[in-house]
Amino acid sequence: MGKDVIVACDFASAEQTFAFLDKFTGRKPFVKIGMELFYAEGPSIVRQIKARGHKIFLDLKLHDIPNTVKKAMAVLRNLDVDITNLHAAGTTAMMQGALEGLTREDGSRPLLIAVTQLTSTDQQSMERDILIREPIDEVVMHYAQTAKNAGLDGIVCSPLEAGKVHDACGKAFLTITPGVRFADGEVGDQKRVMTPAQAKEIGSDYIVVGRPITAAADPVAAYERCIAEFCD
Ligand code: C5P
């Protein structure tokens, strides 16, 4: 899989999701399904979107004891998604269990990506609530390295961190980057943003774009603009 734009389908129902996806009569976007839609509609939403010809990033961010995550991943592997994820904070044993569970009998498996520190966590809350006292960018890089050593395929990170992650973990270690906005668009609640063109420049492998596409007056045009800036 090469560089691609992943559209975050942050909708609360299948009806809203299909009303949105129906607009895409040409190129079928790579779709991110998060907790809201998955918990509302269950695994059938994944099968239905897949049957329409979309690639899928199932963003459920698993974090539990290794055995539980291994078994959960063994269920998810049958949904035939292209990418799924977990929290690197679950430790190496959990990540290795996840990989085992995700690997099908023929040796194939979806790409497995780690979440490091969520962008909603800042230095202060990390120190105060989880007693991690190192600088947050070092913590993120340490999680990236741990995920790589466990055999994972990449991490979710800010586009601002993608270059550093590639320097430390190699070009083949994937960076999936949300926080993307058009130069002339609304920033909303995202604090550290980049345009699709800047994300390409810095070496992101995939950008995750939600509202700049889902809330656009013309979502297909906004999606094509992302593709033109990031992929072409
Ligand atoms: O609408 P917007 O483009 O901000 O959507 C970004 C998507 O990426 C959302 O689904 C959000 O949950 C997700 N995300 C993020 N920042 C992270 C991890 C995931 O914005 N650090």
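The values are calculated or read from the model by the stated rules, or taken from the named source; none is laboratory data. Nothing here was measured: the structure is a model prediction, and the numbers come from that model. We work out accessible area using only protein heavy atoms, side chains counted, and drop any ligands, DNA or RNA first. Shrake-Rupley method; radii C 1.70, N 1.55, O 1.52, S 1.80 Å.
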Quiz prompt | Span-rule helices in the chain, defined as complete DSSP H runs reaching 18 Å or more along the axis (Cα) with Kyte mean at least 0.0 | solution = none
Exercise. Find how much the distance from D80 to Q124 grows on full extension, using 0.36 nm per residue of separation minus their present alpha carbon separation; answer in nm with one decimal.
Key: 11.9 nm
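Compute the normalised compactness of the range 67-174: alpha-carbon radius of gyration over 2.2 N^0.38 Å, N being the residue count.
Working: Rg = 14.3 Å, N = 108, 2.2 N^0.38 = 13.0 Å.
Ratio of Rg to 2.2 N^0.38 Å for the range 67-174: 1.10.
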Exercise. Output the direction-averaged projected area (hull surface divided by four) of the convex hull of the alpha-carbon atoms of the range 5-58, in nm².
Key: 3.2 nm²
Quiz item: Based solely on its DSSP helices, what 222 nm [θ] is calculated for the chain when runs of n ≥ 4 H residues each add -39,500 (n - 2.57) and the sum is averaged over all residues, nearest 500 deg cm²/dmol?
Solution: -12500 deg cm²/dmol
Self-check item: Alpha-carbon Rg with Dmax, taken over the range 136-195, Å
Solution: 12.7, 40
Quiz item: Sorting K148, K50 by accessible area (1.4 Å probe), largest first, what list results?
Solution: K148, K50
Self-check item: Gain upon complete extension [A216, E36; 0.36 nm per residue less C-alpha separation]
Solution: 62.7 nm
Quiz item: If R133, R27 are ordered by their accessible area, calculated over protein heavy atoms with a 1.4 Å probe, which sequence runs from highest to lowest?
Solution: R133, R27
Quiz item: When only C-alpha pairs under 8 Å and at least 6 residues apart count, what is the relative contact order of the range 4-230, in percent?
Solution: 18 percent
Quiz item: Over the alpha carbons of the chain, what is the largest minus smallest coordinate on each principal axis, giving the biggest first in Å?
Solution: 44, 40, 32
Quiz item: What's the carbon and sulfur percent of the range 74-232's accessible surface, probe 1.4 angstrom, rounded to a whole number?
Solution: 51 percent
Quiz item: When the Cα centres of the range 172-202 and the range 206-229 are compared, how far apart do they sit, in Å?
Solution: 12 Å
Self-check item: Kirkwood hydrodynamic radius over Cα pairs of the range 61-110, then Stokes diffusion coefficient at 4 °C and 1.567 mPa s, in µm²/s
Solution: 124 µm²/s
Practice problem: At 1.4 Å probe size, with every protein chain present, just tell me what the per residue accessible area of the chain comes to in Å². | Solution: 47 Å²
Quiz item: If contacts are Cα pairs under 8 angstrom and at least 6 residues apart, what is the relative contact order of the range 138-179 in percent?
Solution: 41 percent
